[in-house]
Amino acid sequence: MKKITCIVLAMVLGGATLVAAAEEKPNMMVTTGGIGGVYYYYGTTVAEILTKNAGMEATAIQTAASVDNLLLIQRRTNPAKNTYYLGTVLPDSAYLAYSGKLDRFKDKPAKEIRIMWAMYPNLLHVVTVSGSGIKTVADLKGKRVSTGAPGSGTEVEAFMVLDAAGLKTSDLGKQERLGAAESSEALSQGTLEAYFWSGGLPTASVTELATSLARKGSKIEFVDMAPNGDLVKKLLQEYPGVMETGVIPKEVYRTDKDNQTLAFWNLFVGPKELPEKYSYSITKTVFEHLAQLQAAVKAAQDTTPANAVKFIKGVIPYDSGSLRYFKETGALK
């Protein structure tokens with residue numbers, strides 16, 4: 001009987017050890033974007049840092065970016081299985097999903113979303129070529145335009161800008177829904193007259209387009225959105241805390257002048273169900289290994305403690321564990 005009791009006790013203790021091990025090794029699914037995009041490399045590097053240094057199993061997942069990532073965080077997070085989805089998203093997508101203004105979130109707004117930190121800014125590129133006659137967003141009427149890949153943050157931004165300019169997609173001569181590389185190729189070949197792209201600087205496909213056009217005796221141009229213009233004022237008023245004015249310097253793509261545009265700070269987000277001890281550990285580990293992240297992803301130079309908390313007064317709440325880390329380090333007073 002004593003021997004049986006010892007065996008049962010060992011089994012109980014063994015089971016407790018397994019449970020503890022499961023709690024110590026949560027599964028973090030880091031949603032990213034398409035291969036070749038900054039999201040993919042940023043998210044992959046974050047997953048590597050967590051797996052090696054935070055005692056977590058972290059896996060990067062290729063997705064269609066912002067909207068897909070928000071859906072995965074909302075619908076696939078499973079605390080019962082110690083599995084949590086995190087992701088890289090644009091603030092406009094996050095804001096519209098959180099408030100239920102995106103079609104796919106009308107029935108169930110993404111109130112679960114919590115900001116862990118702001119990553120780096122995307123600059124909105126409205127790309128065209130010299131001689132197109134396209135100088136303003138209103139000039140896109142009747143033109144062949146790509147509004148970005150379906151489910152992408154670029155598409156969300158394109159629709160926001162077109163709407164603010166009083167245009168619908170039906171007002172375009174033809175709407176395409178292409179990613180950055182495909183849009184650049186189509187513009188180079190003349191099957192598009194303009195396209196939207198939201199990305200960090202420089203975006204490789206835009207650089208390649210500028211080079212390709214130069215070989216043909218043409219030149220890349222951007223639609224300018226002046227910060228004091230009615231369009232930008234309307235957007236800033238309608239979407240508070242989502243965007244700010246920005247500039248694409250002429251040196252980036254060798255254009256004739258600086259391009260006035262909009263900047264959207266990418267966010268790293270998680271679900272409210274993520275236990276504070278995990279979110280604190282994730283944030284602490286990533287920011288203690290920023291050198292690795294910044295070496296792997298050029299845009300991550302803007303991932304700093306000061307920038308991380310720039311949306312603290314925005315609509316979407318920050319994660320409590322992340323806030324604890326930033327308060328401890330003095331980034332948040």
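The values are calculated or read from the model by the stated rules, or taken from the named source; none is laboratory data. In this text the structure is predicted, and so the values were computed from the model without any measurement. Positions of Cβ are backbone-derived with ideal geometry, glycine not excepted, and every protein chain shown enters the neighbour counts.
Would you confirm, using the coordinates I've provided, whether Ile282 is more than 25 Å from Val315 (Cβ to Cβ), crowded, with 22+ Cβ neighbours inside 10 Å and of a type in the set (Val, Ile, Thr)?
No, not satisfied.
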(message) For the structure I just gave you, tell me whether Gly133 is free of Cβ contacts under 8 Å to residues at least 12 places away in the same chain and at positive phi.
(response) yes
(message) Would you confirm whether or not segment 318-332 contains a residue that is assigned to a strand (DSSP E or B) and surrounded by 14 or more Cβ atoms within 10 Å (Cβ to Cβ)?
(response) yes
(request) Find all pairs meeting these conditions: Cβ atoms under 9 angstrom apart; at least six residues apart or on different chains; first residue within segment 254-274 and under 22 Å from Ser218 (Cα atoms); second residue surrounded by fewer than 21 Cβ atoms within 10 Å (Cβ to Cβ) and basic (Lys, Arg). (result) Arg254/Lys219; Thr255/Lys219; Asp256/Lys219; Asp256/Lys250; Lys257/Lys250; Asp258/Lys250; Asn259/Lys250
(request) Those residues that are farther than 21 Å from Leu72 by Cβ and either buried (at least 22 other Cβ atoms within 10 Å of the Cβ) or modelled with pLDDT under 95 (or both), I need them from segment 138-154; list them, please. (result) Leu140, Val145, Ser146, Thr147
(request) Please find, among Glu251, Glu238, the residue that is surrounded by fewer than 16 Cβ atoms within 10 Å (Cβ to Cβ), of a type outside the set (Ser, Thr, Tyr) and touching a residue at least 60 places away in the same chain (Cβ under 8 Å). (result) Glu238
(message) Criterion first (more than 22 Å from Ala186 (Cα to Cα) and not in a helix (DSSP H, G or I)) does Ala149 satisfy it?
(response) no
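Restricting to segment 258-276, what's the tally of residues that are under 20 Å from Leu140 (Cβ atoms) and either in contact with a helix residue (DSSP H, G or I) (Cβ under 6 Å, 6 or more places away or on another chain) or at pLDDT below 95 (or both)? First the steps, then the outcome.
Going residue by residue through segment 258-276, those that are under 20 Å from Leu140 (Cβ atoms) are 259-262, 264.
Narrowing further to those that are either in contact with a helix residue (DSSP H, G or I) (Cβ under 6 Å, 6 or more places away or on another chain) or at pLDDT below 95 (or both): 264.
Residues meeting the conditions: 1.
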(message) I need the full set of residues from segment 58-101 which are of a type outside the set (A, V, I, L, M, F, W, C), over 19 Å from Thr45 (Cβ atoms) and surrounded by fewer than 21 Cβ atoms within 10 Å (Cβ to Cβ), in order please.
(response) Gln74, Arg75, Arg76, Thr77, Asn78, Pro79, Lys81, Asn82, Thr83, Ser99, Gly100, Lys101
(message) Pull out all pairs, ordered by first then second residue, where Cβ-Cβ is under 7 Å, the residues are six or more apart or on different chains, the first lies in segment 296-324 and is within 13 Å of Arg114 (Cβ to Cβ) and not assigned by TED's automatic domain parsing to the domain that holds Lys272, and the second is among the basic types (Lys, Arg) and in a loop (DSSP other than H, G, I, E, B).
(response) none
(request) Could you list, in sequence order, all residues of segment 168-196 that are surrounded by fewer than 23 Cβ atoms within 10 Å (Cβ to Cβ) and of a type in the set (Ser, Thr, Tyr)? (result) Thr169, Ser170, Ser188, Thr191
(message) With the structure loaded, tell me whether Leu236 is under 20 Å from Asp163 (Cβ atoms) and either within 23 Å of the chain's Cα centre (by Cα) or not charged (D, E, K, R) (or both) or whether it fails that test.
(response) yes
(request) Looking only at segment 197-207, decide whether some residue is out of contact with any helix residue (DSSP H, G or I) (no Cβ under 7 Å at 6 or more places or on another chain) and either free of Cβ contacts under 8 Å to residues at least 12 places away in the same chain or buried (at least 18 other Cβ atoms within 10 Å of the Cβ) (or both). (result) no
(message) Just the residues that are of a type in the set (A, V, I, L, M, F, W, C) and within 16 Å of Ala306 (Cβ to Cβ), please, taken from segment 264-292.
(response) Trp265, Leu267, Phe268, Val286, Phe287, Leu290
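Checking the condition touching a residue at least 60 places away in the same chain (Cβ under 8 Å), among the β-branched types (Val, Ile, Thr), under 18 Å from Val156 (Cα atoms) and not assigned by TED's automatic domain parsing to the domain that holds Leu201, which residue from Thr88, Thr77, Thr63, Thr45 passes? Working first, answer last.
On the way: Thr77 fails: under 18 Å from Val156 (Cα atoms); Thr63 fails: touching a residue at least 60 places away in the same chain (Cβ under 8 Å); Thr45 fails: under 18 Å from Val156 (Cα atoms).
Thr88 is the lone residue from the list that is touching a residue at least 60 places away in the same chain (Cβ under 8 Å), among the β-branched types (Val, Ile, Thr), under 18 Å from Val156 (Cα atoms) and not assigned by TED's automatic domain parsing to the domain that holds Leu201.
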